[in-house]
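Encoded as structure tokens, the structure appears first; notes follow it.
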Amino acid sequence: MRKLLVALAFAVLVVVAVLGWVRPREAVSPAPAPATPTPAPTTTFSAKDRLAAAVAVAFKDGRARTDEGGQRYTFDDDKLVDTPFGPVLISEGSVVDPGHASAGRIDIAYLRPEGNGSRAGP
């Protein structure tokens, strides 16, 4: 008798599990994606003026740099990118008096607006 009750209880559990698995699920809409902030210029200055101000701050000591190995670079191609965390100046450098295996260099300066936004600090 006891074995019959256990078998019957097991059969009921199996039927309930199958019905629960086969039953159509409620449609659940996915959570909306969080809004990504669109970077906006931090000032009303022209792009040219903002780039010039960023270059002036990032290259206070001039447009040439010397690395640890003594190789000299000049930075002359700049781009200012507005990001959610502030403006970023990206400058491409070329080697002065390049050797056989000399490569270029990229300088990245993370800036923060100061005052009315006409200046930027590193």
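Derivation of every value follows stated rules applied to the coordinates shown; laboratory data play no part. The model shown is predicted, which means the values in this text are computed figures rather than measured ones. Quick reminder, even Gly has a Cβ in these numbers, built from the backbone with ideal geometry, and neighbours come from all protein chains shown.
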Suppose R0 equals 22 Å. What FRET efficiency, 1/(1 + (r/R0)^6) with r the Cβ-Cβ distance, do T44 and D77 give to the nearest 0.05? 0.30
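Please give the peptides 50-57, 67-74 ranked by average Cβ packing (other Cβ atoms within 10 Å per residue), highest first, as a rough proxy for protection.
The packing order, highest mean first, is 50-57, 67-74.
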